[in-house]
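Working notes for the structure below.
The values are calculated or read from the model by the stated rules, or taken from the named source; none is laboratory data. Treat the numbers as computed from the prediction; the structure is a model and nothing was measured. When we count neighbours, we look across all protein chains shown, and the Cβ atoms used for this are built from the backbone with ideal geometry, even at glycine. Just so you know, the surface numbers come from the protein's heavy atoms only, side chains and all, with ligands and any DNA or RNA stripped out. Shrake-Rupley method; radii C 1.70, N 1.55, O 1.52, S 1.80 Å.
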Amino acid sequence: MIKAMPQDLLIRNFDPLHDTAALMMIDTSFTSDYVYEVAATPNALRLYAKPVAPPRTKHYSMKIDEELWTKAYVAIEDDMICGFMATQLNSWNRRMVIWHFYVDLPRRGRGIGRRMMDHAIESGRRLGASHFWIETSNLNYPGIEAYRRLGYSLCGFDTALYRDTPAEQEFAIYMARSLTGGRKRENGDAAAL
């Protein structure tokens with residue numbers, strides 16, 4: 001079943017005073033029957049998707065810490081906040097870091113995330129960003145697939161980032177999307193993901 005793209009979707013700047021309570025109502029959870037794992041040899045690391053049973057569910061807590069990000073947007077449909085994105089431009093390498101990117105679970109698959117990403121990319125271009133970058137958990141197989149559909153590709157991972165945290169059984173996967181064409185790797189983009 002194809003879900004209809006919302007026609008009356010509004011994307012606007014986040015207003016912490018008025019939007020925070022509604023933002024906390026967004027269901028950030030996902031369930032997946034795949035996760036990413038790392039196979040290590042003495043000279044290489046390989047990332048691969050692995051089926052898991054039973055499926056895993058994870059819920060991201062939203063910490064609205066404005067010190068990490070400088071720009072944030074909400075998506076509004078039917079007078080309700082249904083999406084949130086927060087970014088920060090690193091001036092030294094013109095990287096736009098995505099700190100938060102969520103679409104309410106019952107509204108996913110309708111183009112809301114794509115419209116939010118397009119809005120953020122246009123804003124990033126105006127600010128001089130050369131690329132966008134996002135970090136997510138190896139458990140977030142559905143999110144990684146969504147980022148790929150939005151033009152992102154694997155640019156790295158960190159098996160130690162979450163040590164000594166509640167997520168220490170997970171590892172970080174990094175993805176990026178060039179806004180300038182960038183340089184192409186000899187073996188294509190990191191297609192092994």
Residue pairs qualifying under the 9 Å Cβ cut-off, at least six apart or on distinct chains, with the first in segment 10-34 being small (Gly, Ala, Ser) and the second being open to solvent by 80 Å² or more (accessible area, probe 1.4 Å), are Ala22/Met80; Ser29/Thr57; Ser29/His59; Ser32/Arg56; Ser32/Thr57
Looking at (1) under 13 Å from the mean Cα position of the chain (by Cα); (2) farther than 23 Å from Ala49 by Cα, find the lone condition where Leu154 falls short.
(2)
Can you name every residue in segment 67-89 that is of a type in the set (Asp, Glu) and more than 19 Å from Leu9 (Cα to Cα)?
Glu67
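Assess whether Met62 counts as being modelled with pLDDT under 95, within 19 Å of the chain's Cα centre (by Cα) and open to solvent by less than 70 Å² (accessible area, probe 1.4 Å). Working first, answer last.
Working: modelled with pLDDT under 95: yes; within 19 Å of the chain's Cα centre (by Cα): yes; open to solvent by less than 70 Å² (accessible area, probe 1.4 Å): yes.
Spelling it out, Met62 is indeed modelled with pLDDT under 95, within 19 Å of the chain's Cα centre (by Cα) and open to solvent by less than 70 Å² (accessible area, probe 1.4 Å).
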So, Leu154, is that one part of a loop (DSSP other than H, G, I, E, B), of a type in the set (A, V, I, L, M, F, W, C) and surrounded by 12 or more Cβ atoms within 10 Å (Cβ to Cβ) or not?
no
Can you pull out every residue in segment 17-45 that is open to solvent by less than 50 Å² (accessible area, probe 1.4 Å) and part of a helix (DSSP H, G or I)?
Asp19, Thr20, Ala22, Leu23
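Please verify whether Thr87 is of a type in the set (S, T, N, Q), open to solvent by less than 90 Å² (accessible area, probe 1.4 Å) and in a strand (DSSP E or B), treating the condition exactly as stated.
Details: of a type in the set (S, T, N, Q): yes; open to solvent by less than 90 Å² (accessible area, probe 1.4 Å): yes; in a strand (DSSP E or B): yes.
Here the answer is yes, as Thr87 does meet what is asked.
Given the structure, is Ile112 modelled with pLDDT of 95 or more, surrounded by 15 or more Cβ atoms within 10 Å (Cβ to Cβ) and within 21 Å of Met62 (Cα to Cα)?
Values: modelled with pLDDT of 95 or more: yes; surrounded by 15 or more Cβ atoms within 10 Å (Cβ to Cβ): yes; within 21 Å of Met62 (Cα to Cα): yes.
Taking the combined requirement at face value, the residue satisfies it.
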Evaluate the following for Ile121: is it in a helix (DSSP H, G or I) and in contact (Cβ under 8 Å) with a residue 40 or more places away in the chain?
yes
